[in-house]
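Notes follow the structure.
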Amino acid sequence: MDVRAWLVSLGLGEYADAFGSHDIDEKVLPSLTADDLTALGITSIGHRRKLLSGIAALAEDQIRPTTARRPPPPSESRAERRQLTVMFVDLVGSTALATRLDPEDLREIIGAYHRCVADTVAHFGGFVAKYMGDGVLVYFGYPQAHENAAEQAVRAGLALVNAVRLLPEPEPLRVRIGIGTGQVVVGDLITAGEGQERGVVGETPNLAARLQALAEPDAVVIGPQTRQLVGDLFEYRDLGAVEVKGFPEPIHPYQVFRESAVESRYEALHGTTPTPLVGREEEVDLLQRHWHRAKSGEGRVVLLSGEPGIGKSRLTVTLQERIQNEPHTRLRYFCSPHHQDSALHPTIAQLERAAGLERDDPPEMKLDKLAALLEPASPEDVALVAELLSLPTEGRFPPLQLTPQRKKERTFDALLRQLEDLTRQGPVLMLFEDVHWIDPSSRELLDLVVERVPRLPVLLLLTFRPEFQPPWTGQAHVTVLVLNRLDRREGAALVQRVVAPESCRATLSRRSSSARMGCHCSSRN
């Protein structure tokens, strides 16, 4: 290896003569320390840091198999156009750290930070494309595309802010994070070793870097297209139109605070105004027939299966619209891919919504709201449900001296009694969506609900994707409904109905006038 050329590649060619006069060749180079560099007359901390990082990369590169360092043959590389969500992470105050710390200590801190970023984003499906000192470039939706890449990127950003802040370092570390989404061309694998990355052509990586520069410490800032894709799944602060270097028009970024308390993923991602219903009248009629049987006391269970995006949630919305003027109680439960390890998460979320619990409510107020919701439940039932919601009950209810298994059984009994109390007031529509993401405890509770439904005026509607195998088929009160794809005529009609209103709105906008008509209804959750 040519040491002079290596120094030039680092932008430090001025030290080539010093290295040569001290006989530092490719064999000696990997063993140099910070003290050696100081002895060579390299007084700049920044330059010593660059050299130590470069030496470390060389050492790691040497222990890799030769095949791992060899770029793929040109015939194997393919460029492709795709939508990508890009995250740019920057460590706050790294320059100040470099002036206060020994280079080797700084290297340890940067290494821990890099490992934290890699582990956190990997949990959310991110791909670390490149480490750039205290900056990290991450792709979501690459190398494998995902329907929720933008959402995963935002969740990773929020998790990363907390994870870096909790690193056990002498000084608390903080990050700024920018996230952008857009069309790019992912090209050939370039360079090798630590510097390898897929060449990405497009403005999205630059947008992510600019958004990171706008972010405050411990903040996540996203671009307008990312905001559009994640809908109302999170709580935001609108940063307004911002002039950004390199972009001809102002961009409209948003700062993300936390996950929202949104009730339905479908409504969060698609808005409260549903798309037109096309080609599903037979399915709607079937659901309405089952609802009428349930109202008469013959409880029914409908298992609604279909591919992602085929219209399962839209069908449940239509059923709710059709029966909105009939007296009934509606209970909505939503399974989540992010809470599959959280016991009874759909039930907990439903109870919190129904009781009107707010984040800032004091514990005593939350207990009052919960007791009012569960009335006329016994004090023991309220205590069991309060513990399920992690609400302190000391001084309000007697302590529960139960084994964990017995406590779970008694909690299930309390929840089933609550359902029966509701049916005495009128029929109940229970919606349990995205059951393919259900947690094991919720699955146990659902088994008991399905078993009890035939004796109650309840329609239980469960939606799931085809990969989920429901265990409740074959029972007399259970119906399986599989949603197939629309035919060409119905598909064309759906596109026309979606596009036509947009064209009308565009025309009205050009004429500087607009008109909107709509209505909404609500029912108890």
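Search the structure for amide H atoms under 5 Å from the amide H of residue 340, placed 1.01 Å from N in the peptide plane, and list their residues when 5 or more places away or on another chain.
Hits under the 5 Å cutoff: none.
Between residue 338 and residue 23, 0.36 nm times their residue separation minus their Cα-Cα distance comes to what? Display every interim value, and only then the final one.
Details: separation 315, 0.36 × 315 = 113.40 nm, distance 5.67 nm.
Residue separation times 0.36 nm, minus the Cα-Cα distance, leaves 107.7 nm.
Packing-wise, with mean Cβ within 10 Å as the measure, how do 436-442, 472-478 rank, highest first?
Values: 436-442: 18.6, 472-478: 13.3.
Top of the packing list down: 436-442, 472-478.
Ranked from the most accessible area to the least, with a 1.4 Å probe and all protein chains present, what is the order of 312, 408?
Numbers: 312 15, 408 55 Å².
Solvent-accessible surface, decreasing: 408, 312.
Using the structure shown, list the pairs from 312/369; 312/366; 366/407; 130/245; 312/407; 369/407 with a Cα-Cα distance above 27 Å, or answer none.
Details: 312/369 33 Å; 312/366 34 Å; 366/407 21 Å; 130/245 23 Å; 312/407 35 Å; 369/407 22 Å.
312/369; 312/366; 312/407, as the Cα separations exceed 27 Å there.
Heavy-atom accessible area per residue, segment 113-178, 1.4 Å probe: how many Å²? Can you show the working numbers first?
Values: 2840 Å² over 66 residues.
That works out to 43 Å² per residue.
Using a 1.4 angstrom probe on heavy atoms only, work out the carbon and sulfur share of the accessible area of segment 292-340 in %.
On the way: 770 of 1860 Å².
Exposed carbon and sulfur together represent 42 percent of the surface.
What FRET efficiency do you get for residue 448 and residue 145 if R0 is 41 Å and r is their Cβ-Cβ distance, rounded to the nearest 0.05? Spell out each step's value before the answer.
On the way: r = 39 Å, r/R0 = 0.95.
Result of the calculation: an efficiency of 0.60.
Using a 1.4 angstrom probe on the protein heavy atoms only, could you order 298, 375 from most to least accessible area? Can you show the working numbers first?
Working: 298 90, 375 135 Å².
Ranking 298, 375 by accessible area, largest first, yields 375, 298.
Sticking with the crude label model, points 7 Å out along Cα→Cβ, report the distance from residue 406 to residue 159 in nm, one decimal please.
3.8 nm
Tell me, in nm to one decimal, what length is gained between residue 39 and residue 241 on full extension, where the rule is 0.36 nm per residue of separation less the Cα-Cα distance?
Numbers: separation 202, 0.36 × 202 = 72.72 nm, distance 5.18 nm.
Full-extension gain reported as 67.5 nm.
Note the full-extension length gain between residue 122 and residue 213 as 0.36 nm times their separation in residues minus their Cα-Cα distance, in nm to one decimal. Could the numbers behind the result be given before it?
Values: separation 91, 0.36 × 91 = 32.76 nm, distance 2.34 nm.
Difference between extended and current length: 30.4 nm.
Sticking with the crude label model, points 7 Å out along Cα→Cβ, report the distance from residue 289 to residue 171 in nm, one decimal please.
Going by the 7 Å Cα→Cβ label model, 7.2 nm.
Accessible area of residue 88, 1.4 Å probe, to the nearest 10 Å²?
It works out to around 30 Å².
Taking the simple approach of a point 7 Å from Cα along Cα-to-Cβ for both residue 375 and residue 325, what is their distance in nm?
Result: 3.1 nm between the two label points.
Under a Cβ-Cβ cut-off of 11 Å, what is the net charge of the residues other than residue 457 that fall near it, where Lys and Arg count +1 and Asp and Glu count -1? The partial results should precede the final answer.
Details: positive: 293, 295, 300, 424, 455; negative: 298, 420.
Residues close to residue 457 contribute a combined charge of +3.
HN-Hα J couplings of segment 81-97 from phi, Karplus 6.51/-1.76/1.60, θ = phi - 60°, integer Hz, Gly and Pro as x?
Per residue, the Karplus-derived 3J(HN,Hα) values read 8, 7, 8, 9, 9, 10, 10, 10, 10, 10, 7, 6, x, 5, 5, 5, 4 Hz.
Set the Förster radius R0 to 45 Å, insert the Cβ-Cβ distance between residue 261 and residue 476 as r into 1/(1 + (r/R0)^6), and round the FRET efficiency to 0.05.
0.70
The values are calculated or read from the model by the stated rules, or taken from the named source; none is laboratory data. Remember, predicted model here, so these are calculated numbers, not experimental data. Cβ atoms come from the backbone with ideal geometry, glycine included; neighbour counts cover every protein chain shown. Side chains are part of the model used for accessible areas, which takes the heavy atoms of the whole protein and leaves out ligands, DNA and RNA. Shrake-Rupley method; radii C 1.70, N 1.55, O 1.52, S 1.80 Å.
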